[in-house]
Amino acid sequence: MTYATAMVSLAVDQPNEALLEVSGQLAALFSAKVIGIAAAMFSPPMYFLEGAASQQLLDEGEAAIQNRMAELEGRFRAAMQGRVRALEWRSAIELPARYVAREARAADLVIVGGDGDAILDPFAIAGPSDLVLQAGRPLLVVPHGVKWLDLRSALVAWKDCPEARRAVADALPLLAKATEVTVAAVAEQEGTLAAVRRQAEDVVGWLSRHGIAARVHVPERCGNAVKQLDRIAADIGAGVVVAGAYGRSRFREWVLGGVTQHLVGQTARCALLSR
């Protein structure tokens, strides 16, 4: 169980220090190749320009992006020096999410920054909410405030759906490196507690046959999965949360709140998401 190639998606207009640090640690842990990737498109101002002035504005905008790409490549190579056996850099003047999702075919895992509280510019950054729907690869979401890949305690946020099944399978290499693994599930409706506990126990049994020791945590209280899972993560000191992404529609999560929206926006811990 390993990640042979990791791809780290760097942001043009956001800090990348946490991403680079966690990527370097993960690459060293798995002896993985790392592909650094970045993309951006110049977004012209709302007012209209004609002729030569318009072309000059576009040329200057693209030149600034190219300069920024060169700077990011330099930082990427410096951060990986001495940690990684094989490096590669890819960049383009293109919509970031579309470009990174397409290039993700070359990687086992895509490492990306979190949303935080910021409104992300789709011309300058490949946000996790977009990438997880397009990439066809698991995402390791790294909040800006995280300084290291903390694998002392990992939490599997279990829900019996295809997305969660893919996520826990995609996370096997990471879970195998964790000191402690907890499989937590929340009964969202009254009368389902026994069934939810049995499902979580099945996952623990499946993990054990992959050589991963885990324990079950199913709260007695029903409902509000986001708050309960967040409390469990804090109680066990989870450094990584593994979860399926968008088990219901992205619009419903945006309106009503949901585990995926919470995990890409929180700043306390990394999250491995699969769709």
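Things worth noting here:
This table checks each residue for (1) modelled with pLDDT of 95 or more; (2) within 14 Å of the chain's Cα centre (by Cα).
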site: 82; (1), (2): no, no
site: 91; (1), (2): yes, no
site: 126; (1), (2): no, yes
site: 142; (1), (2): yes, yes
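- Residue among 25, 66 that alone is modelled with pLDDT of 90 or more, under 30 Å from residue 209 (Cα atoms) and either of a type in the set (S, T, N, Q) or surrounded by fewer than 12 Cβ atoms within 10 Å (Cβ to Cβ) (or both): 25
- Tabulated pairs, segment 91-112, first under 16 Å from residue 123 (Cα atoms) and assigned by TED's automatic domain parsing to the domain that holds residue 68, second of a type in the set (Asp, Glu) and assigned to a helix (DSSP H, G or I), C-beta under 8 angstrom, 6+ apart or interchain: 91/73; 93/62; 97/130; 101/130
- Checking each residue in segment 183-231 for being in contact with a strand residue (DSSP E or B) (Cβ under 7 Å, 6 or more places away or on another chain), under 12 Å from residue 155 (Cα atoms) and not hydrophobic (A, V, I, L, M, F, W, C) picks out 215, 217.
- Segment 235-275, subset more than 11 Å from residue 155 (Cβ to Cβ) and among the β-branched types (Val, Ile, Thr), residue modelled with the lowest pLDDT: 255
- Residue satisfying all of: in segment 86-113; basic (Lys, Arg) and out of contact with any strand residue (DSSP E or B) (no Cβ under 7 Å at 6 or more places or on another chain); surrounded by the fewest Cβ atoms within 10 Å (Cβ to Cβ) among these: 105
- Candidate set from segment 170-193 (those that are touching a residue at least 24 places away in the same chain (Cβ under 8 Å) and small (Gly, Ala, Ser)); member that is surrounded by the most Cβ atoms within 10 Å (Cβ to Cβ): 185
- Every test in (1) touching a helix residue (DSSP H, G or I) at 6+ places or on another chain (Cβ under 8 Å); (2) crowded, with 18+ Cβ neighbours inside 10 Å is passed by residue 196 save one, and that test is (1).
- Taking the criterion of being in contact (Cβ under 8 Å) with a residue 24 or more places away in the chain and either farther than 25 Å from residue 261 by Cα or not assigned by TED's automatic domain parsing to the domain that holds residue 174 (or both), the residues of segment 207-226 that qualify are 207, 210, 211, 212, 213, 214, 215.
The values are calculated or read from the model by the stated rules, or taken from the named source; none is laboratory data. Keep in mind that what you see is a predicted model, and the values were worked out from it rather than measured. Glycine also receives a Cβ, built like all others from the backbone with ideal geometry; neighbour counts cover every protein chain displayed.
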